[in-house]
Amino acid sequence: MTSATLATRPSSHDTVTSVPRFRSILIYLAETKYELRKQTRMPAFMIPTIGFPIMFYVLFGLVMQHGSKNSEMIATYMLATYGAFGVISIALFALGVGVAVERGQGWLAVKKASPMPLPAYFTAKYLTTLAIGAVLMLLMCAIGAVFGHVRMSAAQWTMLIVSETLGAIPFCAMGLAIGYLAGPNSAAPVVNILYLPMAFLSGLFIPAEMLPKLLQGFAVAFPPYHLARLALEAVGIEPASHALGHIAALIGFGALFTVIAVIGYRRDEGKTYG
């Protein structure tokens, strides 16, 4: 037996620790696969979730701007802002309302009684939300390119899709917080009450610069504003000099919402198990 063989042979300690770790990864992947399959098997949920942002983009970004002088620029602008609107909607409704409903059904209690580690449940929710958001962005980009004549470099297309998809992570935390603080019947109205005014004030429907002066100052206080600005920088409409500031703001909002979600989770645990 050569010294090279001895050097590459795994020790008994590595064998013992690597197998459970590998099985844990498989559990996380399996939970994500079944969560994604569950979402795709509900067309009554998936079609409106993906269809509404696309419908808004087609109506306000393409149809109403058809024939105007700056139609291509407006189509590019609204691709970024309505893309942000879409991925945030998925995070709040698919994840947030979904968690609230599953709590009400007792599904989380079943999950806790199973050998599955609980973080796998939340990881699957996050990854599924990001995957659906990526699909939405791909569809919106295709529509913008074909019907809105949006023209960008390959790097800009990639940056737009990546920034919008990963930028949804803080809103997954926001959805999780709502899912633990709101009941199964009240989660959807709570999301609507919080999200629609926030989206309007953040400039997702119309540019923030077109809002009254008094309201423009509030825009930076809302997380959708920073995701929209990041997307506008990705497509070249806004200078990229403020990108790090917007990323830092999104990370800060994500941390805040995560803390709120943990508080809601512990409160729910206290009510359930005393």
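Taking the criterion of being aliphatic (A, V, I, L, M) and buried (at least 20 other Cβ atoms within 10 Å of the Cβ), the residues of segment 132-158 that qualify are ILE132, LEU136, MET137, MET140, VAL150. Scan segment 120-151 for residues that are touching a residue at least 60 places away in the same chain (Cβ under 8 Å) and not hydroxyl-bearing (Ser, Thr, Tyr) and the total you get is 18.
May I ask you to verify whether GLY104 is open to solvent by 40 Å² or more (accessible area, probe 1.4 Å) and either in a helix (DSSP H, G or I) or at pLDDT 90 or above (or both)? It would help to see each step written out before you state the result.
Values: open to solvent by 40 Å² or more (accessible area, probe 1.4 Å): yes; either in a helix (DSSP H, G or I) or at pLDDT 90 or above (or both): yes.
When the stated conditions are applied, GLY104 passes them.
Among the residues that make up segment 74-96, is at least one of them within 25 Å of ALA154 (Cβ to Cβ), at pLDDT 90 or above and open to solvent by 30 Å² or more (accessible area, probe 1.4 Å)? Yes, the conditions are met somewhere in segment 74-96. Among the residues making up segment 55-88, those that are of a type outside the set (S, T, N, Q) and within 15 Å of ILE161 (Cα to Cα) are TYR77, MET78, LEU79, ALA80, TYR82, GLY83, ALA84, PHE85, GLY86, VAL87, ILE88.
Looking at segment 229-248 only, could you name the residues that are among the acidic types (Asp, Glu) and within 15 Å of THR158 (Cα to Cα)? Spell out how you get there, then give the answer.
Filtering segment 229-248 for residues among the acidic types (Asp, Glu) gives 233, 238.
The answer is GLU233, and nothing else.
Step by step: first the residues of segment 113-130, then only those that are loosely packed, with under 14 Cβ neighbours inside 10 Å and in a helix (DSSP H, G or I), then the one that is modelled with the lowest pLDDT. Which residue is that? Only one residue fits best here, namely ALA113.
Which ones in segment 210-236 are of a type outside the set (Gly, Ala, Ser) and either open to solvent by 60 Å² or more (accessible area, probe 1.4 Å) or farther than 23 Å from THR165 by Cβ (or both)?
Within segment 210-236, MET210, LEU211, PRO212, LYS213, LEU214, LEU215, GLN216, PHE218, VAL220 meet the criteria.
Here the condition is being out of contact with any helix residue (DSSP H, G or I) (no Cβ under 9 Å at 6 or more places or on another chain), of a type outside the set (A, V, I, L, M), over 25 Å from THR128 (Cα atoms) and surrounded by fewer than 19 Cβ atoms within 10 Å (Cβ to Cβ); of PRO207, PRO197, PRO239, it holds for PRO197 alone.
The values are calculated or read from the model by the stated rules, or taken from the named source; none is laboratory data. On a predicted model such as this, the values are computed, not experimentally measured, just so you know. Ideal geometry is used to build each Cβ from the backbone, glycine not excepted, and the neighbour counts take in all protein chains shown. These accessible areas exclude ligands, DNA and RNA; they are computed on the full protein's heavy atoms, side chains included. Shrake-Rupley method; radii C 1.70, N 1.55, O 1.52, S 1.80 Å.
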